[in-house]
Amino acid sequence: MQFVEVDKNADGRITSEEVKEIIALSASANKLSKIKERADEYTALIMEELDPNNLGYIELEDLEALLLQSPSEAVARSTTTHSSKLSKVLSMKLAPSNDTSPLRRHWQEFLYFVEENWKRIWVMTLWLSICIALFIWKFIQYRNRAVFHIMGYCVATAKGAAETLKFNMALVLLPVCRNTITWIRSKTKIGAVVPFNDNINFHKVIAAGVAVGVALHAGAHLTCDFPLLLHASDAKYEPMKPFFGDKRPPNYWWFVKGTAGWTGIVMVVLMSIAFVLAQPWFRRNKLKDTNPLKKMTGFNAFWFTHHLFAIVYVLLIVHGTSLYLTKEWYKKSTWMYIAYPVFLYSCERIVRLFRSHDAVKIQKVAVYPGHVLALYMSKPTGFRYRSGQYIFINCRAVSPYEWHPFSITSAPGDNYLSVHIRTRGDWTSRLRTVFSEACRPPAEGESGLLRADLSRGITDCNARFPKLLIDGPYGAPAQDYREYDVLLLIGLGIGATPLISIVKDVLNHIQPGGSVGGAEPGSTTGKAKKRQFMTKRAYFYWVTREEGSFEWFRGVMNEVAEKDKDQVIELHNHCSSVYQEGDARSALIVMLQELQHAKKGVDILSGTSVKTHFARPNWRSVFKRVAVNHENQRVGVFYCGEPVLVPQLRQLSADFTHKTNTKFEFHKENF
């Protein structure tokens, strides 16, 4: 219909100008601005194909035939090459469940849940058991003391909650000891039973436990046992004299102004501020612009208010040594609980301070479409990391105190360190602006809007690069990829960053000097035995809305296509803004893609030899294909991107694990 409308004189012939108009309309419908900008080039491509005699026009029926022919030929070629496996994929169905009973079905689902989450379950069970045991122990202890006859269950509840508070205030520091966790997961096998990937989630759970403990402890004291003591008769007050003095407290203010009182109240206020501003709604600054609280929220508010806990821990020790009902020093156990965690965390901060003191040398900078800043830095002496890990970056020209985490996109074998940063907030926006001012416009044929490449002697920058500090590396879920023979890597948008590092690492191991399934290049024989590179196949799926996003990692795509002779790595780029193949609105784009790839070997969207797929992938088909290709193998599924896709990928991993003979293990990167 679109072609008929363009053929204004209805003579069945389409001129080059009309072809150009068709391309522009199709590009606009699919939000492909770059194709629209290069409409002249693609018009010439079509005219060359359909007008070999240079008549200046093509027949409408020839164009329609080409549109219908191109996709079908591609499918035919694919079917011829992979007919047996394609047939198996199409005919494959998940083994149906034989359980018709709802009870049995739910029981099976429960077993699947336990199998997938057993690490989390045992850790949570242990934590809850300890909290309950501590509460009961202290509750019974005060149930049998004389104070119970005046203050009743209120004091027993307050003291039981206080015991869990001491434990949780000590424990809450451990999940954020990043250096310690990174060392443990990299150097030991404890990660086989402890879910280190959930360290931040566990930190949040413990914080919730602290909130419950504070509510019970402070609530029971302030609203229950203190009023009971104030209104007790002289006879009942007699046993309380060793704790509160010969004269009964005259009023409520007596408790509040005491050391235990004011320290407790200040701690509650500080913890409440930090707890509220740590919630996603405030931390990600989702408040409306008209909301007066908007300026008081955001990452900075979260970061700085979290450091109020340094004051909280000092007050906690003072509070724990000023108890009314405990006089013996050895029974004042608050400091005993928190001494080691506070010492460990303090050492962590000292290590971070010294390690992040020296600035890295900037080698190359590029500002890409989609508001992405790529920084290439010198690798600090002794800096060793694994693909999938991340670093913290500080730029004093932007903010002297802010540190932000970013996934490493370079591979361990590279002689540089790189990160790709997408502009999402105030800090990243200012960072992009600062580095953009030091760059130049790109030369013809180069990707990126602005760039500066000191590694090639290009120093015509408008200003010197600002000083950049790094801290890390730190462990992340994606670093466990080496445990699998087969990898299924899925990235959404900028979430592809840690996965790109993995792709590059796999590529480095299939180069001369590295081998698939062998030890790390450059490693000694002893170390090689400990750290075998198991990966023999990798599937990388990258989904992005914007065509310009493919420029971020164009170099990596070209490198894989050029050097991966054995096709160990399979790349799949998806542009979700384009209508799926088979839709009339994308038919012309598909045809252009086929022509461009056939004649020049370059994809019209990515600018590489890797062909771009249109619309989002059919994830069930993806899993089905991997399951057919790798029967009786373990597949590591690593996802990084918006959380909207997590439930589907997790469910597919479980379904294909339990109903095929391929085991899929799902890992979600914190994004």
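For the reader, a short list of remarks on this structure follows.
- Between PHE148 and ASP358, the FRET efficiency from the beta-carbon distance, with R0 = 41 Å, is close to 0.10.
- Mean-position separation - Cα centroids, the range 397-426 and the range 150-208, in angstrom: 29 Å
- Point-charge dipole on Cβ atoms (K/R +1, D/E -1) for the range 548-671, about Cα centre, debye to 20: 260 debye
- Taking 0.36 nm per residue of separation and subtracting the Cα-Cα distance, full extension of the segment from ILE190 to GLU238 would add 11.8 nm.
- Modelled FRET efficiency - R0 41 Å, GLU115 with LYS467, Cβ distances, 0.05 increments: 0.25
- Positive-end extreme of charge dipole, the range 118-355 - chosen from VAL123, PHE139, ASN251 (charges on Cβ): VAL123
- Additional length obtainable on full extension of the chain from HIS306 to SER333, 0.36 nm per residue less Cα span: 7.2 nm
- In nm, spacing of pseudo-spin labels at SER346 and ALA598 (7 Å Cα→C-beta vector): 7.3 nm
- Cross-link pairs LYS204/LYS467; LYS166/LYS467; LYS611/LYS668; LYS467/LYS536 - those with Cα-Cα distance over 31 Å: LYS204/LYS467; LYS166/LYS467; LYS467/LYS536
- Between MET124 and GLU559, the simple spin-label model (points 7 angstrom out along Cα→Cβ) gives 4.1 nm.
- Rounded to the nearest whole Hz, the Karplus-based 3J(HN,Hα) values (6.51 cos²θ - 1.76 cosθ + 1.60, θ = phi - 60°) of the range 330-340 follow the sequence 6, 9, 8, 9, 4, 5, 5, 5, 9, 4, 5, with x at glycine and proline.
- Long pairs among LYS624/LYS659; LYS364/LYS563; LYS504/LYS663, criterion Cα-Cα beyond 20 Å: LYS364/LYS563; LYS504/LYS663
- Centroid-to-centroid, using Cα positions, the range 295-370 and the range 555-609 are 49 Å apart.
Read-outs: derived from the displayed coordinates by stated rules, not from any lab. Computed from a predicted model, the values in this text were never measured in an experiment. Reconstructed Cβ throughout: ideal geometry from the backbone, glycine too, with neighbour counts over all protein chains shown.
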